[in-house]
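K.L.:
Pasting in a structure now, in structure tokens, and then I'll have a few things to ask.
The values are calculated or read from the model by the stated rules, or taken from the named source; none is laboratory data. As the structure is a computational prediction, the values presented were derived from the model and not from experiment. Quick reminder, even Gly has a Cβ in these numbers, built from the backbone with ideal geometry, and neighbours come from all protein chains shown. Please note that ligands, DNA and RNA were not included when accessible areas were found on the heavy atoms of the full protein model with its side chains. Shrake-Rupley method; radii C 1.70, N 1.55, O 1.52, S 1.80 Å.
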Amino acid sequence: MAMEWITAIDKRPCDRNLRDCELISCRLRRVEPLCRLPGSALQQLAMCGFYEDLEKGVTLFRAGEQGRYWYAVLGGQLEVRYHAADTKDGKLSVTLCNLGVGATFGESILHDLPRDSTVVTKTTCELLRVEQQDFRLIFEKNKELMNDIITNCRLKNGFGQSMQTTSTVQTNVQQQPSPTKKQLSPDHPNPAAPITEIPSPAMSRMGWALRTLLVSDNTSCLKDRKVGGKFIRKCAPGTELVEWLLNLSPIVHTRTQAAGMWQALLEEGVLCHVAKEQPFKDKCFLYRFKSDEDGTAGGAPTSDDVNHANEHIREALPALLHRGPDATLRMILRKPSHERTQEELELVYEELLHIAALSHLSTSIKRELASIIVFEAHAHAGTVLFNQGDEGRSWYILLKGSVDVVIHGKGTVATLKEGDDFGKLALINDAPRYTVMSGTPQKMLEHLLETRLGGQAGPNDPFLDDFLLTHIVFMPTPLLIDELAANYHADADIDLRQASEEDQEYFLTSKRRVVQFIQRWVLAVRHAVFDDPLAVEFIEELATDVEAEPALQEEASIIHHVLTQLSRYQEDRQMNATQKWKLPPNGQPICLFSGNTHSKTVIRPDDDIIFRVYCADHTYCTLRFPMATTAEVIKACAADKLQIARLPEDLLLVEVKSSGERVVFKDNDVSVPTALSLNGRIFVSPKDHLDALTPLPEQELPTEAPDVDFEALSTKDVAYHMTLFDWDLFWAVHEYELLYHTFGRHHFNKITSNLDVFIRRFNEIQYWVVTEIVSTTNLTKRMSLVKKFIKLAAFCKEYQNLNAFFAIVMGLSNTAVSRLSMTWDKLPSKFRKLFTEYEALIDPSRNHRAYRMSVGKLQPPVIPFMPLLLKDMTFAHEGNKTSLDGLVNFEKMHMMAQTMRAVRFCRSRHLVLDPPSPKNENEIRNYIRCFRTIDNQRVLNSMSQKNEPRRS
């Protein structure tokens, strides 16, 4: 869908068809507040709107210019600037506000008025641009709704009649705010202000110690400065304070940690922004200690003061480091929603997962809460949050302290403690849209057909997509086909000539929705629909019925398009019908199977595979079976060929790994040969002789590979061809394979061979890195090789091949490599620093937070870190029941669909890379397809010890 939407919006309005407009409308429907417009208005916007993708710093229009366009923000942020008169410089530019996703502007074109401000892109932006004539037509047809959207946008950004009235009312109690500055609403407290009335003793002492060391250092950043014509004592830029703290102690590793520590001091009032307008930022904003601001700092510190400060810092700095992340989170929660970055929203969402009061809410609601939840601090006991009878505006969760609930005439009826929540019931009428949490499969399908097709779904409503991606878990395709057929043929036993007009319309609507469902099903899961004979038969029957119904002309066009896709898929299957694969006996990677001669070849259940099965004395037989053959059949055939005179129930099919570990296959397991580890072998054995199985001698040796000197190859060229090869493997993995892998292939009788290959590729790259390094005996060459692998990781990261990037970094972190201290000591500091950054990126703490934050900023195409996606699937599966009281736990299905959508998003655009030099192209291509690997950790450690023996 992402690719189709992009293709549709990129067309000129005059070139768009109905399908394009439908795709654009669906995208606009996900944008608040455009989702409030009726379908007809969205269709008009889709038909006449232009798409603009603008870089940072682009001026859309200037104050005083005559307007021609109206805009809606689909992505990014813009600045609205006002140029006020100034006696010195002529004009003074003031930023009035920032416009985020969903904001609309430029409505002055309705009255042919000149622009009253300048609008500049603050980040990369996506905009919908509508010409004056088209906007007037849309506005006139939807005047009330459009007026509401425009007014709300102006109010949200600090303009309009309501804001002016509020300011006037408040003049008797506070100074009138400047019209050039956006007011903060009561729901968005000032993030630059402290949250406590006075600092805690611990934070006061820490502030004193840090200031003492800063002042005593003549070269430090804390200086007297002239700012805006005023003389500010002892202030410093945030960037320099961060750098100073990083150099102060080795326990502070990153700039983010240092900024969080300063923010912890700022939120308690120990530190402050010189103009009281900014929380702590790692930018060139000036900050100073509160004691310097109010003149209580005293004279220059003595040597005793410095000694005491140093001693206190050593003891108390870890506590400040620990407080930093919480202070950063509170700062984010005090920012207006539209100012929170995607990275900040992700951080808030992860914290919400640990709040007990929210545990019953769905993942989607928690993500919505991340953008609107606000932090409040009340320093004085006795503060009234709201009075009995007040209109409910907020729902509160108590993080610290206690709250008394007082009812007129009864006094205090309850005291709420940490973790309790209150205020929910007053908001019940404004509760979010109903979300399906559980239900029977049939009822869910019925609800879906009635409410989620024909443009009825609301913005950010993934219910239909979740159902299509996960239905095979709770509603197998045969059952789904039966239900769809029943819905389509609801009029089978009725004489339509006798039916009322309303009934006839109902039956036609049911038919339309089933056809639309088929269309969405094929779009969501692609060839998986066409792989099922029952689904194909149903689609072909449906096409015949739809063609015979004059009132279903549009649906006939839809079903014809589906049939065209089916025909193409069947032709492709026919072309590859003779496909066969061979698992080489020397343990080479499975991606080297013969037959895989062109890219994007998918391994299919009926493809043949040739492989060996061994017995305890290491004799073997060679078998050829379809991929979908069960372990039970393989076991029986191998035992017969190897003349093992035992009944099938007394035998086991086993993988013996190079380490000697044995893994027993279940009888109903399928795609057995593709599930092997890098150097694993398949054995058949009587149950009572399992202990006699030992690895083959060659399993401890490296897998065979082309005789190529890796050092002589261009690192960028290797990364380029690795990325192309890995992309083809990733492209072949269907999202359903993640479900088969998580729930067990035997539950579906489906293969996971393409996913097996991709996982195996990760392990292959990881052990290739280790094998190459520990096989190099010369210290200088070994250091050079480590440097080359770090460069290779950098290029893979640049190409967004994160699967290979992780594999290389994990290979370098393997104990057999990390213990080579002489090698690492010889490595240039630039590469050591780069590797430290990469290790931080793959750090698994806080559920791989660093990686998730990084990948969240990327645009497709991306080759993701597949083991983490599988971990997410397993976590969702094992941590949640599939059914609750006989009903499908659809929240679990939603969690799994989110991960499957991540896979789909990563390849929503085709991989296009600028090719490197053609030199050694064939040699590199052959090399990266077949790496030399040892996957026995004991052998690798032994080789490492020989290179650099353990120091006594």
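K.L.:
Tell me which residues, restricted to the range 846-877, are assigned to a helix (DSSP H, G or I), open to solvent by 50 Å² or more (accessible area, probe 1.4 Å) and over 18 Å from residue 752 (Cβ atoms).
P.N.:
846, 847, 852, 875, listed by residue number.
K.L.:
Across the range 204-241, what is the total count of residues that are in a helix (DSSP H, G or I) and either touching a strand residue (DSSP E or B) at 6+ places or on another chain (Cβ under 8 Å) or under 23 Å from residue 283 (Cβ atoms) (or both)?
P.N.:
So the answer is 11.
K.L.:
Something else about it: Only one of (1) within 24 Å of residue 774 (Cβ to Cβ); (2) touching a residue at least 12 places away in the same chain (Cβ under 8 Å); (3) small (Gly, Ala, Ser) is not met by residue 818, so which one is it?
P.N.:
The failed condition is (2).
Results for (1) in contact with a Lys or Arg (Cβ under 9 Å, 6 or more places away or on another chain); (2) under 24 Å from residue 272 (Cα atoms), shown as yes or no for each residue.
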| position | (1), (2) |
| --- | --- |
| 299 | no, yes |
| 316 | yes, yes |
| 326 | no, yes |
| 336 | yes, yes |
| 349 | yes, no |
| 363 | no, no |
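K.L.:
Then there is this: Any idea which residue in the range 468-518 is nearest to residue 453 (Cα to Cα), counting only those that are of a type in the set (S, T, N, Q) and open to solvent by 30 Å² or more (accessible area, probe 1.4 Å)?
P.N.:
Only one residue tops the list, namely 516.
This table checks each residue for (1) buried (at least 24 other Cβ atoms within 10 Å of the Cβ); (2) in contact with a Pro (Cβ under 8 Å, 6 or more places away or on another chain); (3) modelled with pLDDT under 90.
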residue: 228; (1), (2), (3): no, no, yes
residue: 233; (1), (2), (3): no, no, yes
residue: 236; (1), (2), (3): no, no, no
residue: 239; (1), (2), (3): no, no, no
residue: 245; (1), (2), (3): no, no, no
residue: 249; (1), (2), (3): no, no, yes
residue: 263; (1), (2), (3): yes, yes, no
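Residue-by-condition table, conditions (1) free of Cβ contacts under 8 Å to residues at least 60 places away in the same chain; (2) under 27 Å from residue 898 (Cα atoms); (3) of a type outside the set (D, E, K, R):
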position: 462; (1), (2), (3): no, yes, yes
position: 480; (1), (2), (3): yes, yes, yes
position: 485; (1), (2), (3): yes, no, yes
position: 511; (1), (2), (3): yes, no, no
position: 516; (1), (2), (3): no, yes, yes
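K.L.:
Working only within the range 902-931, note down all residues that are in contact (Cβ under 8 Å) with a residue 60 or more places away in the chain, open to solvent by 80 Å² or more (accessible area, probe 1.4 Å) and not in a helix (DSSP H, G or I).
P.N.:
909, 915, 919
K.L.:
Something else: Of all residues in the range 254-276, count the ones that are over 19 Å from residue 197 (Cα atoms) and part of a strand (DSSP E or B).
P.N.:
Qualifying residue count for the region: 0.
K.L.:
Considering the range 699-728 alone, what residues qualify as being of a type outside the set (Gly, Ala, Ser) and not in a helix (DSSP H, G or I)?
P.N.:
Those that are of a type outside the set (Gly, Ala, Ser) and not in a helix (DSSP H, G or I): 701, 702, 703, 704, 706, 707, 708, 709, 713.
K.L.:
Counting only residues that are assigned to a loop (DSSP other than H, G, I, E, B) and at pLDDT 85 or above, which one in the range 297-313 is surrounded by the most Cβ atoms within 10 Å (Cβ to Cβ)?
P.N.:
By that ranking, first place goes to 301.
K.L.:
Then there's this: Do any residues in the range 362-387 that are in contact (Cβ under 8 Å) with a residue 60 or more places away in the chain have Cβ atoms under 8 Å from those of residues that are of a type in the set (D, E, K, R) and in a loop (DSSP other than H, G, I, E, B), where the two are at least six apart or on different chains, and which pairs are they?
P.N.:
374/187; 374/334; 375/334; 379/197; 380/197
K.L.:
Suppose we filter the range 786-830 for residues that are open to solvent by 10 Å² or more (accessible area, probe 1.4 Å) and either assigned to a helix (DSSP H, G or I) or out of contact with any Leu (no Cβ under 9 Å at 6 or more places or on another chain) (or both); how many remain?
P.N.:
Residues in the range 786-830 being open to solvent by 10 Å² or more (accessible area, probe 1.4 Å) and either assigned to a helix (DSSP H, G or I) or out of contact with any Leu (no Cβ under 9 Å at 6 or more places or on another chain) (or both): 21 in total.
K.L.:
Further question on the same structure: Which one of the conditions (1) surrounded by fewer than 21 Cβ atoms within 10 Å (Cβ to Cβ); (2) modelled with pLDDT of 85 or more; (3) of a type outside the set (Ser, Thr, Tyr); (4) closer than 27 Å to residue 903 by Cα does residue 834 fail to meet, given that it meets all the rest?
P.N.:
(4)
So that you can scan it fast, the table gives a plain yes or no per residue for (1) aliphatic (A, V, I, L, M); (2) buried (at least 20 other Cβ atoms within 10 Å of the Cβ):
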{"residue": "108", "(1), (2)": "no, no"}
{"residue": "113", "(1), (2)": "yes, no"}
{"residue": "122", "(1), (2)": "no, no"}
{"residue": "128", "(1), (2)": "yes, yes"}
{"residue": "154", "(1), (2)": "no, no"}
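K.L.:
Right, another one. Does the range 664-698 hold any residues that are open to solvent by 50 Å² or more (accessible area, probe 1.4 Å) and outside any helix (DSSP H, G or I), and which are they?
P.N.:
664, 666, 667, 668, 694
K.L.:
Still on this model: Quick one: count up the residues across the range 726-769 that are within 17 Å of residue 470 (Cα to Cα) and either in contact with a Gly (Cβ under 6 Å, 6 or more places away or on another chain) or free of Cβ contacts under 8 Å to residues at least 60 places away in the same chain (or both).
P.N.:
4
K.L.:
Would you mind stating whether residue 537 is assigned to a helix (DSSP H, G or I) and surrounded by 12 or more Cβ atoms within 10 Å (Cβ to Cβ)?
P.N.:
Criteria not met by residue 537.
K.L.:
For residue 432, work out the one condition from (1) modelled with pLDDT of 70 or more; (2) farther than 29 Å from residue 507 by Cβ; (3) under 31 Å from the mean Cα position of the chain (by Cα); (4) open to solvent by 30 Å² or more (accessible area, probe 1.4 Å) it doesn't fulfil.
P.N.:
Condition not satisfied by residue 432: (1).
K.L.:
Go through the range 878-901 residue by residue and tally those that are assigned to a helix (DSSP H, G or I) and out of contact with any Lys or Arg (no Cβ under 8 Å at 6 or more places or on another chain).
P.N.:
Residues in the range 878-901 being assigned to a helix (DSSP H, G or I) and out of contact with any Lys or Arg (no Cβ under 8 Å at 6 or more places or on another chain): 12 in total.
K.L.:
Additional query: Based on this model, can you work out whether residue 473 counts as in contact with a strand residue (DSSP E or B) (Cβ under 9 Å, 6 or more places away or on another chain), modelled with pLDDT of 90 or more and assigned to a helix (DSSP H, G or I)?
P.N.:
Criteria met by residue 473.
K.L.:
Kindly check whether there is at least one residue in the range 642-663 that is free of Cβ contacts under 8 Å to residues at least 24 places away in the same chain, under 27 Å from residue 758 (Cβ atoms) and either surrounded by fewer than 17 Cβ atoms within 10 Å (Cβ to Cβ) or not charged (D, E, K, R) (or both).
P.N.:
yes
K.L.:
How about the range 233-272: which of its residues are in contact with a helix residue (DSSP H, G or I) (Cβ under 6 Å, 6 or more places away or on another chain) and among the small types (Gly, Ala, Ser)?
P.N.:
Once the filter is applied, which keeps residues that are in contact with a helix residue (DSSP H, G or I) (Cβ under 6 Å, 6 or more places away or on another chain) and among the small types (Gly, Ala, Ser), the range 233-272 yields 249, 258, 259, 260, 264, 269.
K.L.:
Now for a separate question. Restricting the search to the range 94-120, which residues are free of Cβ contacts under 8 Å to residues at least 24 places away in the same chain and part of a strand (DSSP E or B)?
P.N.:
Answer for the range 94-120, where residues must be free of Cβ contacts under 8 Å to residues at least 24 places away in the same chain and part of a strand (DSSP E or B): just 95.
K.L.:
Let me ask another. Do you know which residues across the range 883-922 are touching a Leu at 6+ places or on another chain (Cβ under 6 Å) and under 18 Å from residue 527 (Cα atoms)?
P.N.:
Once the filter is applied, which keeps residues that are touching a Leu at 6+ places or on another chain (Cβ under 6 Å) and under 18 Å from residue 527 (Cα atoms), the range 883-922 yields 897, 900.
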